[in-house]
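The values are calculated or read from the model by the stated rules, or taken from the named source; none is laboratory data. Since the model is a prediction, treat every value here as computed from it, not as a measurement. Here the Cβ positions follow ideal geometry from the backbone for every residue, glycine too, while neighbour counts run over all protein chains shown. Ligands, DNA and RNA are stripped out before the accessible areas are found, and what is left, the full protein with its side chains, is counted by its heavy atoms. Shrake-Rupley method; radii C 1.70, N 1.55, O 1.52, S 1.80 Å.
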Amino acid sequence: MSIESVLQENRVFAPPEGFAARAHIKSLAEYRKLYAEAERDPDAYWAARANEELHWQTPFTKVSEWQAPHAKWFLGGKTNLSYNCLDRHLEKRGDHLALRFEGEPKDSLTLTYRELHARVCRLANALKALGVKPGDRVGIYLPMTSEAVIAMLACARIGAVHSVVFGGFSAEALRDRMADAGAKVLLTADGGWRKGGVVPLLENVRAAVAAGIPSLQKVVVAQRTGVSLELKGNEVGWNALCEKQPATCEPEWVDSEHPLFILYTSGSTGKPKGVLHTTAGYGMWASLTSRWVFDLRHDDVYWCTADVGWVTGHSYVVYGPLMNGVTVVMYEGAPTTPGPDRFWDIIERHRVTILYTAPTAIRAFMRLGDEHVKKHDLRSLRLLGSVGEPINPEAWMWYRDVVGGGRCPVVDTWWQTETGGILVTPLPGATPTKPGSATLPLPGIHPAVLDDHGQKVEQGGGKLFVVKPWPSMLRTIWGDDARFKTTYFSEREGLYFTGDGARVDADGYLWLMGRVDDVVNVAGHRLGTAEVESALVSEGRVAEAAVVGRPDDLKGTALVAFVTLKAGVEAGDEMKAALLKHVGKEIGAIARPDEIRFASALPKTRSGKIMRRLLRDVAAGKDSKQDTTTLEDLSVLAALRNDEE
Ligand code: PRX
């Protein structure tokens, strides 16, 4: 693995003094003490944290149970995360703002904790009236509006399992996920605003339903874009359904291990995996990491720009910040609509104090020029976070200097859908940061970089594992426990394999190097190349396709598709356009290859495996051919490297 460019990075930034003095964790020594404490007596450490973070209706009697690869945490306890996010704040801080929503067309809505609580309770009652019981799955396919938060918390309130599907996914992707989850009810909207246009959510839902979701009984439709709605068949209007329901709803006190949500994420082969998270372990870690990493206080105006369709939106738009009682900013639309300064305008107007966004956005803003940032007063900001992919030092420095005015600590947070919450990150008042490094594990988290023989690498590169269980780890893959074992626990028996490569430096800091398998990270979204390949082939005229990632300044990784066509089919721009359109329909716009290259044959190893490493090299090459009418001949290259596996 190449680590050269990273090795040249030797800048170190101490936490700003004023910041450290009032931070939740104030020094590296304090961090190390906590880390050692967690190592010495894990059960005592985790029990204390779980009791601090959550309201327990029934206290737990056992901290953890680990029979690799199955973990259980806080056994015997009962709680409810909707109660923890809402009811706990009502008495003292019910009138504090929970949500500050801004739509793309600049409409807005604010909800206090009391108001949010009432809306959640109404929907919870409505879901019950529709026959939703604890353990039933409810699909959520909504824009980034308050309804998305209300929907998730209403499910949690009644013990239903939510499965959010990102609004950018197509009807086919939605159908597959809902059918796999066995969703009984699907919550959606007529549409959502994006780049000045309407994302036709309801239309997609109708197409998905027509294609077949056998378990689905009802579709609840919120009105967002104002298109006149004529509901059909099993569809009901959100408002009509909720307005007749009472504004209180007793929470369902569920076991610690009661399933909270299923979130689909890409795997290297086959269909997406339904990552299952349960209640208490996930909840306590979302709450604790939000406070430690973002140094949250009640008066913070916190903005995480992730969509609720991704895990970042689950843990750090909804559960973590609301459990901490802060004001959450939510923005519906595109970052540069109507102009390149929309983000900075939002920060200025709402006096945002904490910004959590992705390197792909940071790089895009960097390219647009400093002037759009500089024309806004961003002095309210006090902390900046990054997530989703490695942040290159150049972007890190720009984020710190131009957005943060050089005064805000930058936390580069490493984690995954499967980990439930942040595992490796600087603590803003404690950890000296190095641009491009996610730095050190949180107390209680035990990552290890192992070489190909399973030996621990004290300094240098290898594969990243987590060697001890932690409360917010995924519990299984929905409906496929065998795949759960092989995907995460078979690389090294009993150890959780992250799928990422990483390097440890002389200070024990971790530098993440991206995925080691055939999953690529495009603009902060994890995509399985296999899924894009099968979408290409399903167009009908494609014989075979191989999709690889190529480093890209803006998106982190761009997708390059090598395609061979069926006999008699002509390569060319028309074919290319048809393939792009088809992938957009099958998976969604984010999966559309940035480049399609037609080849006479794909290079294969003797055992018949596509030589992906070779294709990655070809894709990264400077001599990229843009002439789409001719076929590339990759056989010569393949012959030269025929012993590659
Ligand atoms: O490769 C790592 C990368 O994103 C992957 C997880 O993707 P997903 O499950 O979609 O969750 C994204 C949000 C947590 C990881 O395996 N990744 C995430 N954060 C970082 C990162 N790579 C480097 N640095 C990060 N801070």
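On the protein heavy atoms, probe 1.4 angstrom, tell me the percent of accessible surface of the chain carried by carbon and sulfur. The value for the chain is 50 percent carbon and sulfur by accessible area. Taken per residue, the accessible surface of the range 398-456 reaches 22 Å², heavy atoms only and a 1.4 Å probe.
The mean sequence separation of alpha-carbon pairs under 8 Å and at least six residues apart, normalised by the residue count of the range 312-379, gives a relative contact order of 30 percent.
Residues whose amide H lies under 5 Å from that of GLY514, counting only those 5 or more places away or on a different chain, are GLY501; hydrogens are built 1.01 Å from N in the peptide plane.
Packing, as the average of other Cβ atoms within 10 Å across residues, places the peptides 202-209, 503-510 in the order 202-209, 503-510, highest first.
Taking 1.567 mPa s as the viscosity and 4 °C as the temperature, the Stokes-Einstein diffusion coefficient of the chain based on its alpha-carbon Kirkwood radius rounds to 51 µm²/s. Of the whole protein surface, ILE158 contributes about 10 Å² of accessible area at a 1.4 Å probe radius. Each label point was placed 7 Å from the Cα along the Cα-to-Cβ direction; for ARG93 and ARG32 their separation is 3.3 nm. Of the listed residues ILE610, ILE346, the order by accessible area with a 1.4 Å probe, largest first, is ILE610, ILE346.
For the pair the range 502-548 / the range 64-138, the C-alpha centres are spaced 33 Å from each other.
Contact order, relative form, for the range 111-252: 29 percent (alpha carbon pairs under 8 Å, 6 or more residues apart, mean separation divided by residue count).
For the pair VAL569 and LYS232, label points projected 7 Å from Cα toward Cβ lie 3.1 nm apart. Dividing the Cα radius of gyration of the range 111-252 by 2.2 N^0.38 Å, with N the residue count, gives 0.97.
The gain in end-to-end length when the HIS55 to ALA334 segment is fully stretched comes to 96.8 nm, 0.36 nm per residue minus the alpha carbon separation. Determine which aspartates and glutamates satisfy two conditions relative to LYS374: a Cα distance under 15 Å, and not lying fewer than 8 residues away in the same chain. Cross-link targets: ASP341, ASP345, GLU348, ASP401. With a simple spin-label model that places each label point 7 Å from the Cα along the Cα-to-Cβ direction, the separation between ASP107 and GLU65 comes to 4.9 nm. Per residue, the solvent-accessible area of the range 111-252 (1.4 Å probe, heavy atoms of protein chains only, all protein chains present) comes to 36 Å². Subtracting the Cα-Cα distance of ASP452 and THR248 from 0.36 nm times their residue separation leaves 67.9 nm of extension gain. Rounded to whole Å, the principal axis extents of the Cα atoms in the range 44-147 read 51, 34, 27, largest first.
Against the criterion of solvent-accessible heavy-atom surface with a 1.4 angstrom probe, LYS375, LYS434, LYS581, LYS72 sort, most first, into LYS581, LYS375, LYS72, LYS434. Partnerless cysteines in the chain, where a partner means another cysteine C-beta under 4.7 angstrom, comprise CYS85, CYS155, CYS242, CYS304, CYS408. Taking a straight Cα-Cα cut-off under 23 Å and skipping sequence neighbours fewer than 8 places away in the same chain, the lysines within cross-link reach of LYS485 are LYS72, LYS271, LYS273, LYS456, LYS463, LYS468.
A simple rule links phi to the HN-Hα coupling: the Karplus curve 6.51 cos²θ - 1.76 cosθ + 1.60 with θ = phi - 60°, which for the range 90-106 gives 4, 5, 8, 9, x, 8, 6, 6, 8, 10, 10, 9, 10, x, 4, x, 6 Hz, with x for Gly and Pro. What figure in square angstrom, to the nearest 10, would you give for the accessible area of MET513 with a 1.4 Å probe? Number for this one is 60 Å².
Within the range 341-362, whose backbone N sits under 20 Å from a point 7 Å along Cα→Cβ of ARG379? In the range 341-362, the label zone of ARG379 (backbone N under 20 Å from the point 7 Å along Cα→Cβ) covers 344-355. With protein chains left intact and a 1.4 Å probe, residues in the range 494-576 average 34 Å² of accessible area per residue.
In this structure, ARG11 and ASP617 have a Cβ-Cβ separation that, at R0 = 51 Å, corresponds to a calculated FRET efficiency of about 0.95. In this structure VAL516 has an accessible area near 60 Å², from a 1.4 Å probe over the protein heavy atoms. Using C-alpha pairs below 8 Å separated by at least 6 residues, the relative contact order for the chain is 13 percent.
Each Lys and Arg adds +1 at its Cβ and each Asp and Glu adds -1 at its Cβ; summed about the Cα centre, the chain shows a dipole of about 960 debye.
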